[in-house]
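J.: First the structure, then my questions, so here it is.
The values are calculated or read from the model by the stated rules, or taken from the named source; none is laboratory data. The model shown is predicted, which means the values in this text are computed figures rather than measured ones. Here the Cβ positions follow ideal geometry from the backbone for every residue, glycine too, while neighbour counts run over all protein chains shown.
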Amino acid sequence: MAIYRQLAGVCATLLPYTNLLTEMKLHCLFTLVGLIALSATTGAASSAEDATVRYAKTLPVSKLDKHLPWLPLDNWLRSGPPHLDDVRWEVDEGCGIQPEDREPRADKRPLCVKFVFRRSGPGDPVDGSGIIQVGTLGQGIVGPPQFRGFKVGVPFQGYMESGRLADLPSILNEASAIPKAEKKEIDYARNLDVHQLDPTLPLMRLEDWLRSSPAGIEKVIWRTSPTCDLKDPEPLSTDKNDWATCVKFLFAYRGVSQTSAYVEGMITVGTVRKGITGPPRFEHFGFMDNGFFQRNPSWVPDFDTNKLSDLFRALAEISSR
């Protein structure tokens, strides 16, 4: 409001001076009126969003899931079984629906509220989000509320999700309880120097190197693979009761396909019985892009999938065809 008062003062100062151009005075007045109108519109929109968020926060959870008690949603998330440390609320006009799947008429599209959360313990910290439909963009809050689902981030491993609010506490507990041995192997692989895996690459942490890709990788998912994804693995020659164990990384990339496209890489980090042992070894990378292979059925790669240094070049070629 201070800027409006200052502008009004300037306009009031200009008005008595008859030697000033009338257009200048009118421009000043119209600017002031426009700013006041914009402020009123912005204030009304902000007030409507605040009311929508308040409605969602105070919804009884039993209205969203019949298996839950009659408690306000915000209270249940913070003080009930989920025990969330931090919950942020915002109006979400997209409702988690992909643009190509949305209702053509904007006024008929669903109006949603999204809550973004974090829990510090017990176990590893986890975060995620949930979405509640509360009405439509055209009518505002209308009809019975509908819980559209939630996602919980699993450290290094992607997401766990459900459409039932009652599942949130158990999934939070599961997501934060990664076995220590598994977490140790994932941490080891993420922090490997890529120069160890391919001498032609510079000294750089593996996860940082992957994120430096020109393909714009937003999230790298890490998973252990106790037998390196082999259904019938060959035992190690030195111990017939032990097998190589791996960690694999996965990430999505933006290609020309309409379908999702992914890259997966495999790294040997030790053995099933001994855990992390011996020098790490990069095994191979591969692509999961059905659209690409349908468009290029006779394509023959000119790169080596067993060399980590060929990954970015292969990614550029796959993304452009």
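J.: Restricting to segment 198-218, give me the number of residues that are free of Cβ contacts under 8 Å to residues at least 40 places away in the same chain and assigned to a loop (DSSP other than H, G, I, E, B).
T.: 8
J.: Scan segment 268-321 residue by residue and report those that are touching a residue at least 24 places away in the same chain (Cβ under 8 Å) and small (Gly, Ala, Ser).
T.: If the condition is that a residue be touching a residue at least 24 places away in the same chain (Cβ under 8 Å) and small (Gly, Ala, Ser), then 270, 275, 291, 309, 314, 316, 319, 320 are the ones that fit.
J.: Would it be correct to say that residue 141 is at pLDDT below 90 and hydrophobic (A, V, I, L, M, F, W, C)?
T.: No; evaluated as a whole, the condition is false for this residue.
J.: While we're on this one: Condition test on residue 76, is it assigned to a helix (DSSP H, G or I) and either assigned by TED's automatic domain parsing to the domain that holds residue 146 or over 15 Å from residue 55 (Cβ atoms) (or both)?
T.: So residue 76 passes the test.
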